[in-house]
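Right, one structure below, let's go through it.
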Amino acid sequence: MEYRQVGDSPLKLPAITFGAWSIGPRMMGGCDPDTAILALKTAFDLGSTAVDTAAQYGLGFSEEVVAKAIQDMPRDQIKLLTKCGMVWEGNQGVPYLQNEEIEGKCYNFFKYAGKESIIRECENSLKRLKTDYIDHYSLHWPDSTTPLEETMEAFGLLKEQGKILNAGVCNHTYEEMQAKADTGIISVISNKIRYSMLNREIEKTFIPYALKENKGILAYCILQRGILSGEKVRKWLWRIGENPREAALYEPENEERIKHFFDTIKPIAHDRKATLSQLSIKWAIDQPGITVALLGAITPEQVKHDMGALDMQIPDSDWQIINDGLIRLEEEMNWGVEVNWSPSDHEYYFG
């Protein structure tokens, strides 16, 4: 397993890091905890000894499952990444998800990064993870209602106390990340952000900044919510409306264009006895500026499949075919299409 340094910090993470977003009663339709633990242990056995989770994932359930998976491992042989700043108690901060039903109960989520709230969240995460420290602690989303200095003071204090070793952010623009770094309170080493063959916006903005300032990029949504598997996927109605570019992928005219692109690149995968998913993963982790790919899995088989992407050897000529195809696709796509959000959960696309 290849390990990569995160920015200018001493932290090193596997090129494919286990993303525990899917472990929880509301995520990806839920999963069996015991099977998820087996998936985590499979990743560890294959050399990927880092896990990215968050307090929000399953309302802490994901962190608890991770704790069970690592309970027999020496603590210094695992890297734990978790997040704060997405709260479901109280009403401070920026509204995010409202009346979200989880196991029969409705919750309101807020992006909130107040100092006392972050410290309290960290203490709760430490308890759920059954650990004394967190290797990498990130702010889940920007919070425009809290002064930057207050937020970063919380991170600085937690590091002074030895409860976190590194600090990062998620879903930030480069301006938002730099503003936090400019406080000078604590080094902000990475940004967890969406990136895939079908979502390359950060190549114009964040990646140039990250390369210049030596910041890590922990890329997620690598398979674009399953679209890049080339198989049938359910249309994501949850929150997708806030991202028109992502929503446009599901419109029929664009779906046909994406399928045509798949027809162009599938032979490259087939020649290597690989899947379209594996080719998409390999493409992402080989792009300039991308530190690691965060990939979720809830079964050992999924983990083995995803890790198999690392073994692929792709010649420059085939990368050229893929990248030329992506350029054509970008030009052909209708990103301004008006989106209709009325279909049922049973509508499927890309299959």
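Every read-out reported here was derived from the displayed coordinates using simple, explicitly stated rules and does not represent laboratory data. Because the structure is a prediction, the values reported are computed rather than measured. Heads up, the Cβs are rebuilt from the backbone with ideal geometry, glycines too, and the neighbour counts pull from every protein chain shown.
Can you work out the FRET efficiency for the pair H270 and R4, with r the C-beta to C-beta distance and R0 = 22 Å, to the nearest 0.05?
Values: r = 29 Å, r/R0 = 1.30.
FRET efficiency, H270 to R4: 0.15.
For the stretch 185-194, in order, what is each residue's ³J(HN,Hα) by Karplus, 6.51 cos²θ - 1.76 cosθ + 1.60 with θ = phi - 60°, in whole Hz (x at glycine and Pro)?
The phi angles translate into 7, 7, 6, 9, 8, 7, 10, 8, 8, 5 Hz.
Between G296 and residues 5 or more places away or on another chain, which pairs have amide H atoms under 5 Å apart, with H built 1.01 Å from N, and which residues are they?
Hits under the 5 Å cutoff: G19.
Using alpha carbons only, how many degrees (0 to 90, rounded to 10) separate the axis of helix 276-285 from the longest principal axis of the chain?
50 degrees
Using amide H atoms built in the peptide plane, which far-off residues or other-chain residues are under 5 Å from S190 H to H?
Sorted by chain and number, the residues that satisfy this are V169, G216.
Can you tell me the orientation of helix 115-129 relative to the chain, as the angle in degrees between its alpha-carbon axis and the longest Cα principal axis, to the nearest 10?
For helix 115-129, the angle is close to 70 degrees.
Once fully extended, how much extra length lies between L211 and I321, figured as 0.36 nm per residue of separation less the alpha-carbon to alpha-carbon distance?
Numbers: separation 110, 0.36 × 110 = 39.60 nm, distance 2.53 nm.
Contour length minus the Cα-Cα distance gives 37.1 nm.
Around A167, with a cut-off of 10 angstrom between Cβ atoms, what is the net charge of the other residues, counting Lys and Arg +1 and Asp and Glu -1? Display every interim value, and only then the final one.
Values: positive: K159, K180; negative: none.
Result for the neighbourhood of A167: +2.
At a 10 Å Cβ-Cβ cut-off, how would you order E64, E121, E101, fewest neighbours first?
Numbers: E64 19, E121 25, E101 9.
So the ranking, lowest neighbour count to highest, is E101, E64, E121.
Give the Rg (one decimal place) followed by the Dmax (whole number) of the stretch 1-145, computed from C-alpha coordinates and expressed in Å.
According to the Cα coordinates of the stretch 1-145, Rg and Dmax are 15.4, 45 Å.
So what are the radius of gyration and Dmax for the Cα set of the chain, in Å?
19.7, 55
Give me the distance between the Cα centres of the stretch 153-194 and the stretch 285-334, rounded to whole Å.
Value for the Cα centre distance between the two parts: 28 Å.
Explain nothing, just the number: relative contact order of the chain, from Cα pairs under 8 Å at least 6 residues apart, as a whole percent. Working shown, then result.
Numbers: 646 pairs, mean separation 65.0, N = 351.
Once divided by the residue count of the chain, the mean separation gives 19 percent.
Output wanted: per-residue J couplings in Hz (rounded whole) for the stretch 310-327, from phi through Karplus 6.51 cos²θ - 1.76 cosθ + 1.60, θ = phi - 60°, x for Gly and Pro.
Per-residue couplings from phi come out as 5, 7, 6, 10, 10, x, 4, 5, 6, 4, 5, 4, 5, 5, 5, x, 5, 5 Hz.
In a shell of Cβ-Cβ distance under 13 Å around E203, excluding E203 itself, what net charge do Lys and Arg (+1) and Asp and Glu (-1) give? Intermediate results must be reported in sequence, preceding the final value.
On the way: positive: R194, R200, K204; negative: E201, E330.
For residues surrounding E203, the net value is +1.
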